[in-house]
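What follows is one structure encoded as structure tokens, with my remarks underneath.
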Amino acid sequence: MSIRVMLVDDQVLLRTGFRMVLAAQPDMEVVAEAGDGAEAVEMLRATAVDVVLMDVRMPRVDGVEATRRICSPGREDGPKVLILTTFDLDEYAFSALKAGASGFMLKDVPPAELLAAIRAVHSGDAVVAPSTTRRLLDRFTPMLPSTSAEPAQSRLGRLTEREREVMLLVAQGLSNGEIAQRLVLSEATVKTHVGRILTKLDLRDRVQAVVLAYESGLVRAGGR
């Protein structure tokens, strides 16, 4: 079954370029396009989409607010949002991650990496903390308050010692395979730990685990 993708960007030429790249893939299909966040949210009411490629800076409703609406509580079965932006270290992209986006990529990313990111976000089984996202978190996490009613540090108290170890490595950008090697575990066991972490902490996906790790102090800006 093809991954159904929506392109959201106010620049028609960029949407055209992304559509051409995706159309060449046997497992992907562009099912909708929108020029801003408001149009995207409206179209999603009638269009089945798996992954939304979302620009950040757009007229009317920007990518942050659109992401917040798409990923709002009660919509856990909705599409995953992958943020695309021209601006590295963009505070708006960070806000979109906190709003529920599952990843962050620059628009000049090589096509192969973009396609891999779409597949990864769709599967929900990928590391969504590439180097650009890590630098983004390093810069902006200390400036923005937590959106959770429960303090981030106390939420980590729900985890076992092993789960905290796994979450730390997830926050450092390691894949399941790399975590398995580091902790001398099977990859299946690591995947189970990650699933339990997300469930215990009421998190949508791995990128929210990364944000929480920074907010709680489990990972500090600029290092461990």
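Quick notes on this structure:
- Candidate set from the range 152-177 (those that are farther than 20 Å from residue 122 by Cβ, free of Cβ contacts under 8 Å to residues at least 40 places away in the same chain and touching a helix residue (DSSP H, G or I) at 6+ places or on another chain (Cβ under 9 Å)); member that is surrounded by the fewest Cβ atoms within 10 Å (Cβ to Cβ): 154
- From the list 224, 206, 196, 220, the lone residue that is under 26 Å from residue 80 (Cα atoms) and modelled with pLDDT under 85 is 206.
- Residues (closer than 20 Å to residue 114 by Cα and β-branched (Val, Ile, Thr)) located in the range 20-63: 21, 30, 31, 49, 51, 52, 56
- If you go through the range 19-53 and pick out every residue that is out of contact with any helix residue (DSSP H, G or I) (no Cβ under 7 Å at 6 or more places or on another chain) and farther than 24 Å from residue 99 by Cα, you end up with 8.
- Residue match in the range 190-208 (condition: under 30 Å from residue 72 (Cβ atoms), touching a Pro at 6+ places or on another chain (Cβ under 9 Å) and surrounded by fewer than 20 Cβ atoms within 10 Å (Cβ to Cβ)): no
- The condition of being within 22 Å of residue 100 (Cβ to Cβ) and either over 19 Å from the mean Cα position of the chain (by Cα) or not β-branched (Val, Ile, Thr) (or both) holds for only one of 171, 188, that being 171.
- Within the range 98-119, being surrounded by fewer than 21 Cβ atoms within 10 Å (Cβ to Cβ), touching a strand residue (DSSP E or B) at 6+ places or on another chain (Cβ under 8 Å) and in a helix (DSSP H, G or I) holds for 113, 114, 115, 119.
- Search result, residues across the range 30-65 that are loosely packed, with under 15 Cβ neighbours inside 10 Å and touching a residue at least 24 places away in the same chain (Cβ under 8 Å): 47, 48, 59, 60
- Any hit, the range 134-151, residues being modelled with pLDDT of 80 or more and assigned to a helix (DSSP H, G or I): no
- Near pairs, Cβ below 8 angstrom, 6+ apart or cross-chain, from the range 86-102 (farther than 15 Å from residue 66 by Cβ and of a type outside the set (Gly, Ala, Ser)) to any residue that is at pLDDT 75 or above and surrounded by fewer than 15 Cβ atoms within 10 Å (Cβ to Cβ): 86/108
- Of all the listed residues (213, 188), the sole one being over 27 Å from residue 11 (Cβ atoms), modelled with pLDDT of 75 or more and touching a Leu at 6+ places or on another chain (Cβ under 9 Å) is 213.
- Considering the range 68-93, the residues that are crowded, with 20+ Cβ neighbours inside 10 Å and more than 16 Å from residue 204 (Cα to Cα) include one that is modelled with the highest pLDDT, namely 84.
- Answer from 22, 13 - the residue that is touching a residue at least 24 places away in the same chain (Cβ under 8 Å), more than 22 Å from residue 214 (Cα to Cα), in a helix (DSSP H, G or I) and more than 15 Å from the chain's Cα centre (by Cα): 22
- Where residue 7 falls short, out of the listed (1) surrounded by fewer than 23 Cβ atoms within 10 Å (Cβ to Cβ); (2) touching an Asp or Glu at 6+ places or on another chain (Cβ under 7 Å): (1)
The values are calculated or read from the model by the stated rules, or taken from the named source; none is laboratory data. Remember, predicted model here, so these are calculated numbers, not experimental data. When we count neighbours, we look across all protein chains shown, and the Cβ atoms used for this are built from the backbone with ideal geometry, even at glycine.
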